[in-house]
Structure formats: structure tokens, C-alpha cells
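I have placed the structure first, in the form of C-alpha cells, so that the comments after it can refer back to it.
Coordinate-derived values only; no laboratory data. Because the structure is predicted, anything quoted here is derived from the model rather than measured. Reconstructed Cβ throughout: ideal geometry from the backbone, glycine too, with neighbour counts over all protein chains shown.
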């Protein structure tokens with residue numbers, strides 16, 4: 001089922017997600033719905049907070065992106081990113097293993113708003129997958145960026161929080177318009 005993606009200004013986007021202790025049928029359904037929602041919105045990642053669930057769950061699929069490469073290492077060996085997708089991450093922990101670089105980012109909760117964001121170019125990830133199995137990998141490029149962006153969401157951090165002051169100022173009108181539109185939508189409920 002395609003779920004509504006919450007927009008900037010919705011309080012759920014600032015909620016810290018609680019840990020998932022067990023893969024229940026409800027969690028399995030949420031994972032499936034999040035993938036369907038992400039694909040319908042033509043995104044590469046989606047966090048549970050973006051669909052109104054304050055849990056530590058994100059889905060990612062960068063397999064169709066060819067102009068922004070990704071790297072993947074499993075057990076220290078290079079691996080095929082496409083074969084590792086789609087990816088559900090439950091209770092993910094991320095550790096930077098490279099210096100930050102700036103690259104463009106967008107967010108389904110901020111339609112048509114993009115900015116250069118500084119993030120480590122490579123990260124080590126430990127999480128559970130959709131089956132509740134522990135997975136560990138190191139990734140770089142777009143996959144590393146997507147993982148970090150989505151894990152930020154799980155802690156109530158939005159990509160605008162990582163923008164430069166100048167870029168935020170430049171986008172001030174668009175951000176305020178989006179926030180007010182969301183607030184007006186919420187007042188109708």
C-alpha cells in the first residue's frame with residue numbers, strides 16, 4: 001500500500017525512532033509498504049518517520065541510479081551494489097570511515113528542494129535486515145549518502161539541519177512556504 005509521505009513541518013519528522021525488538025507481521029507490512037511508497041515517489045530512500053512511524057527503520061534502493069556511483073564491501077571484499085538492493089535497515093548504526101565531501105541531496109519530505117550537503121564519503125553500517133538478521137557492510141558514494149540521510153531521519157534530523165547557513169537562507173522562502181502548507185494541512189485533520 002502506498003503511504004502518504006509527510007512533508008516538512010509535520011511533527012513526526014522530528015521524532016526519534018524507537019528500536020525495533022522483533023520483526024512482527026506489522027513491521028513486515030510496514031517494510032513492504034515503505035518500499036512501495038518509495039518506488040512510487042521515485043526516491044532512493046525512505047525512513048519510517050516520513051510515513052508517520054517513530055521506529056528505527058529505513059528502506060533504500062540505489063540500484064537504478066547510474067550517474068552517482070555507489071560502492072559496497074561485504075566482509076572486506078568488494079561486492080555488487082545491485083545484488084544487495086533493495087535494502088531494509090532496522091536499528092542501524094553508522095560509523096564514518098572517510099572524510100566528508102559535499103554532494104547534492106534531496107528529500108521526499110522536501111519536494112523540489114535540493115542542496116549540497118557535507119557527509120563522510122564512506123561509512124561502516126551494522127543493522128538488522130527485513131528478516132531480522134544482523135548485516136554488516138561498508139559503503140561509499142551515493143549508497144553511503146543515502147544511508148546517512150535516512151539514519152538522520154531515524155533520529156529526527158532533517159537534511160536542512162546539515163545545510164550551510166547560506167543555503168538555508170537562500171531557501172528560506174521555499175522552506176517557510178512548505179512548512180506553512182503542512183501546518184494548514186494538519187489543521188484540517
Practice task
Figure the gain on full extension for residue 32 and residue 68 (residue separation times 0.36 nm, minus the Cα-Cα span) and round it to one decimal in nm.
Solution key: 10.4 nm
Practice task
Could you work out the relative contact order of the stretch 46-135, using alpha carbon pairs under 8 angstrom and six or more residues apart, expressed as a whole percent?
Solution key: 24
Handout entry: Rough spin-label spacing in nm, given labels placed 7 Å along Cα→Cβ, for residue 22 and residue 101
Key = 4.4
Exercise for the section: Over the alpha-carbon set of the stretch 73-184, divide Rg by the Kirkwood Rh and report the Rg/Rh ratio to two decimals. Expected result: 1.02
Practice task
Considering only 77, 56, 124, give the residue with the highest GNM mean-square fluctuation for the chain, with springs between Cα atoms whenever their separation is below 10 Å.
Solution key: 77
Completion exercise
When 179, 145, 134, 165 are ranked with the fewest other C-beta atoms within 10 Å first, the list becomes 165, 134, 179, 145
Fill in the blank from the handout: When 39, 114 are ranked with the fewest other C-beta atoms within 10 Å first, the list becomes 114, 39
Completion exercise
In this structure, the FRET efficiency calculated for residue 185 and residue 42 from their beta-carbon separation, with R0 = 22 Å, to the nearest 0.05, is 0.50
Handout entry: Most to least packed among 21-30, 149-158 [average Cβ atoms within 10 Å]
Key = 149-158, 21-30
Handout entry: Residue order, fewest to most surrounding Cβ atoms within 10 angstrom, among 61, 161, 67
Key = 67, 161, 61
Completion exercise
Semi-axes a, b, c in Å (a largest) for the chain, each sqrt of 5 times a Cα gyration tensor eigenvalue, come to 26, 21, 14
